[in-house]
Structures are given as structure tokens and as C-alpha cells.
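J.: Pasting a structure below so you can have a look.
Read the figures in this text as sums done on the coordinates, not as results from a lab. What you see is a predicted model, and the numbers here were worked out from it, not measured in a lab. With ideal geometry, Cβ positions are generated from the backbone for all residues, glycine too; neighbour counts draw on all protein chains shown.
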Amino acid sequence: MKTFFQSFFQIGLVSVSTVLITKHLYYGIFVVAFLISLLWTFNVSRIAVSTIKQKLIYSLGAGIGAVCGVLLTQLFN
């Protein structure tokens with residue numbers, strides 16, 4: 001589950017970042033981009049040496065995180 005949530009949060013933040021960029025909300029863009037990069041540094045080394053099952057779980061988390069990130073930004077719209 002840890003692998004799932006790591007990608008869920010990272011890609012969820014990417015979705016949020018995309019919306020912030022389209023709205024030119026610079027402080028939000030900075031904070032979210034920082035968090036994305038920080039999470040990525042932890043995720044990349046772990047997933048690179050993982051099993052195929054872990055990679056599929058990571059990808060599933062990323063897909064669901066992307067949708068949830070967009071839905072989250074719509075709540076504040």
C-alpha cells in the first residue's frame with residue numbers, strides 16, 4: 001500500500017499543479033512543484049529496483065491520484 005500511496009500523492013499533486021498553472025497561481029505552483037520534486041526523489045530510487053507487481057501498483061496509484069487531484073481542485077473552483 002505504501003507504493004500505491006506514494007504515486008497517488010505524487011501524481012495527484014501533478015494534477016493540482018496543472019490546474020494552478022492554468023490559473024497563474026504562482027505561490028501555489030511553487031509549493032506544489034517543490035512537493036512533487038521532493039516526493040519524486042524518494043519514489044524514483046525505490047520503484048526503479050522494484051518487482052513488476054510493485055510497478056503495477058505504483059502505476060495504479062498514479063492513475064487514481066491524477067483523477068483525485070483534478071477532482072480536488074474542482075472543489076476549490
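J.: Helix 52-75 versus the longest principal axis of the chain: what is the Cα-based angle in degrees, 0 to 90, to the nearest 10?
T.: With rounding to tens, the tilt is 10 degrees.
J.: Restricting to DSSP H runs of at least four residues, report the calculated mean residue ellipticity at 222 nm for the chain, -39500 (n - 2.57) per run over all residues, nearest 500 deg cm²/dmol.
T.: Helices in the chain give a 222 nm mean residue ellipticity of -31000 deg cm²/dmol.
J.: Given a cut-off of under 8 Å on Cα pairs at least six residues apart, what relative contact order in percent is computed for the chain?
T.: Rounded, it is 56 percent for the chain.
J.: While we're looking at this one, here's another question. Could you pull out which residues in segment 38-54 have an amide N less than 13 Å from a spot 7 Å beyond the Cα of Lys2, following the Cα-Cβ vector?
T.: Correct set: 42-43, 46-47.
J.: Per Stokes-Einstein, at 37 °C and 0.692 mPa s, what whole-number D in µm² s⁻¹ belongs to the chain, with the Kirkwood radius over Cα pairs as the hydrodynamic radius?
T.: Stokes-Einstein gives a translational diffusion coefficient of 260 µm²/s.
J.: Among Ile11, Ile52, Ile21, Ile36, which comes first, second and so on when ranked by fewest other beta-carbon atoms within 10 Å?
T.: Ile52, Ile21, Ile36, Ile11
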